[in-house]
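The values are calculated or read from the model by the stated rules, or taken from the named source; none is laboratory data. Values in this document were obtained by computation on a predicted structure and should not be read as measured data. Virtual Cβ from ideal backbone geometry, glycine too; neighbours counted across all protein chains shown.
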């Protein structure tokens, strides 16, 4: 039995249960997100009859009798709630639709048999309203994905949303900014600590290692709670700052950006330290001594010898920290203020509070794509490291 | 130079460990608030934790979901690790990466997707749904740990058993699995710890009856800060230390045995 490049039947049978399980409970959910983000059948569901005949219309001439007949049939057949959703949606696209439709619905209910729509309201002569329905009939839309990026489809193509409606781009920038800062802090604290960890021996290394591993194994929730206690008004941190700075007033820390950054750095630091440490420990100890014996000052030796060698560890640690930080949800929810919430909390809000699954899926899809791209980079890098 | 190094190490250790140490006194606080210094020592919040119906239900739920999801993840992960064992090349790398992807997917995204699927297949707000969700997140951990254990299993022992007439299933059952057992147990323990810890996916999948301990802590932290949360957190830390020590001991024993 030597290593092989193809799966035998026996091996495949062993892997199959997992493949099926993940296909059902991991791939299908992600596919559902992708389809929910681009599907839009509110209008198509409400106008099945019209959907069948409107394609034969040229879009400029007055509506054909077949279209009018189909619309009347749809008004009579479609359930009230489904029609209400569709009309609300059409009204956001062309104002006046709701009033026109309400009037038409009443008239159609009163009449029996065929109805002449322009005689109820002459606006039905206008192709604009028919075109509104037609443009909303296709079951797929880029509306939510564009909305996730604060874009919309206007008359001149894709355009930016008005500033008072655009929040997502700001939240994406905030998420990236906070993640980048956390990554930077982790690298700045983690590199010297990993170097220390690599040169110490005996019980000192045991203690330092325990200080890295114990927090890493501890629940993020528990650490959030600890930071809640430390950062609160008149808490431990406020006391330390007061003693160090001599300031009389308390600096607010809880529910601020500073607090979120401190706690996120604390959560992610062990991953950065271990990532750098794993590279440093593989480096021959004599290297730094050789650099010193050849006359390099400590700083020069660090810059020209140690830093380049440690770089793969720093980069893979940074990718891991950045990728994980992008998805943070409970820590900013517990320790941050309203302006410190990351993209995940918007996804959760749209889904849980507003039941707006389309927008939640679209935002989630953008987050997923970014995260998976970084994960792919990380995997390539750690593959290359492992092969060395 | 030595002083600076020492000071830097000390500051980092305090930063890393301090938050864990802060929890300990608060859990034994006699007063009703989560503030330091505490008013006096007592076990009253542990009594609340283990007698209050909401906390008790959440503890039971965590144990049920934890054991069931870890068992599921361990079985699936062990089978897959056995199947993938000894295979190399690009297809294998891709397969492995595909199995590790759940680890990289943001929990909120997976939560939204699973809720969409559960609504369709009728698993919303059910134990089965929560268990399956936690298992998806734990599978990478079990695969990694079993694959690492299998990599160190000596193939000559298996070949010896086969040459003495043992059928492949017998070799697997009597030779391979016992030798990989520490890795399988480690995988189970990590999966259990992971499930115990999981909040975000649970928020999406669990109904009020499936509320887990971690979720209960999250809700309490958001709404009212009772030291009962600290008592729960203290129990978490003790459990963590036990799990960590068990893991290290298993690895140590494994290393000592293969030496």
For a quick check of your reading of the model, give me the residue pairs whose first member lies in the stretch B:95-106 and is more than 7 Å from chain A (Cβ to nearest Cβ), whose second is part of a loop (DSSP other than H, G, I, E, B), with beta-carbon atoms closer than 6 Å and at least 6 apart or on different chains. none
Between A:247, A:253, which is closer than 22 Å to residue A:332 by Cα and more than 7 Å from chain B (Cβ to nearest Cβ)? A:253
Taking the stretch A:289-338 and the residues there that are within 14 Å of chain B (Cβ to nearest Cβ) and part of a loop (DSSP other than H, G, I, E, B), the one that is surrounded by the fewest Cβ atoms within 10 Å (Cβ to Cβ) would be A:297
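Yes/no matrix, rows are residues, columns are (1) surrounded by fewer than 22 Cβ atoms within 10 Å (Cβ to Cβ); (2) over 35 Å from the mean Cα position of the chain (by Cα); (3) closer than 24 Å to residue B:239 by Cα:
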site	(1), (2), (3)
A:177	yes, no, no
A:180	yes, no, no
A:186	no, no, no
A:189	yes, no, no
A:198	yes, yes, no
A:206	yes, yes, yes
A:209	yes, no, yes
A:212	no, no, yes
A:218	no, no, yes
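Residues are listed down the side, and each one gets a yes or a no for (1) over 30 Å from residue B:203 (Cβ atoms); (2) touching a helix residue (DSSP H, G or I) at 6+ places or on another chain (Cβ under 9 Å); (3) free of Cβ contacts under 8 Å to residues at least 24 places away in the same chain:
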| site | (1), (2), (3) |
| --- | --- |
| B:135 | no, yes, no |
| B:142 | no, yes, no |
| B:148 | yes, yes, no |
| B:153 | yes, yes, no |
| B:169 | yes, no, yes |
| B:174 | yes, yes, yes |
Working only within the stretch B:118-133, note down all residues that are surrounded by fewer than 20 Cβ atoms within 10 Å (Cβ to Cβ) and assigned to a helix (DSSP H, G or I). B:119, B:120, B:121, B:127, B:128
Considering only residues of the stretch A:357-380 that are over 16 Å from residue A:31 (Cα atoms) and surrounded by fewer than 16 Cβ atoms within 10 Å (Cβ to Cβ), which is nearest to the other protein chains (Cβ to nearest Cβ)? A:376
Given the conditions (1) within 11 Å of chain A (Cβ to nearest Cβ); (2) more than 30 Å from residue A:10 (Cβ to Cβ); (3) surrounded by fewer than 15 Cβ atoms within 10 Å (Cβ to Cβ), every one holds for residue B:54 apart from (1)
Could you check residue A:275 against (1) farther than 25 Å from residue B:191 by Cβ; (2) assigned to a helix (DSSP H, G or I); (3) more than 12 Å from chain B (Cβ to nearest Cβ); (4) under 35 Å from the mean Cα position of the chain (by Cα) and say which number it fails? (1)
For the condition in a helix (DSSP H, G or I) and surrounded by fewer than 12 Cβ atoms within 10 Å (Cβ to Cβ), what is the one hit in B:24, B:20, B:10? B:10
Which condition does residue B:92 not pass, out of (1) more than 10 Å from every other protein chain (Cβ to nearest Cβ); (2) buried (at least 16 other Cβ atoms within 10 Å of the Cβ); (3) not in a loop (DSSP other than H, G, I, E, B), if it passes all the others? (1)
Within the stretch A:1-20, track down each residue that is modelled with pLDDT of 85 or more and facing chain B (nearest Cβ under 7 Å). A:14, A:15, A:17, A:18
Any idea which of B:98, B:54 is more than 17 Å from the chain's Cα centre (by Cα) and under 27 Å from residue A:31 (Cβ atoms)? B:98
State yes or no: is residue A:279 closer than 19 Å to residue A:192 by Cα, at pLDDT below 90 and assigned by TED's automatic domain parsing to the domain that holds residue A:198? yes
Residue selected from the stretch A:34-49 under the condition surrounded by fewer than 23 Cβ atoms within 10 Å (Cβ to Cβ) and within 14 Å of chain B (Cβ to nearest Cβ), by the criterion modelled with the lowest pLDDT: A:39
A careful count of residues in the stretch B:212-233 that are surrounded by fewer than 21 Cβ atoms within 10 Å (Cβ to Cβ) and either in contact (Cβ under 8 Å) with a residue 40 or more places away in the chain or facing another protein chain (nearest Cβ under 7 Å) (or both) gives 3
Within the stretch A:312-334, is even one residue under 26 Å from the mean Cα position of the chain (by Cα), without any contact (Cβ under 8 Å) to a residue 24 or more places away in the chain and under 30 Å from residue A:230 (Cβ atoms)? yes
From A:261, A:244, which residue is assigned by TED's automatic domain parsing to the domain that holds residue A:333, free of Cβ contacts under 8 Å to residues at least 60 places away in the same chain and either farther than 21 Å from residue A:177 by Cβ or part of a helix (DSSP H, G or I) (or both)? A:244
Taking residue A:23 and the conditions (1) within 14 Å of another protein chain (Cβ to nearest Cβ); (2) exposed (fewer than 14 other Cβ atoms within 10 Å of the Cβ); (3) modelled with pLDDT under 85, which numbered condition does it fall short on, given that it satisfies the others? (3)
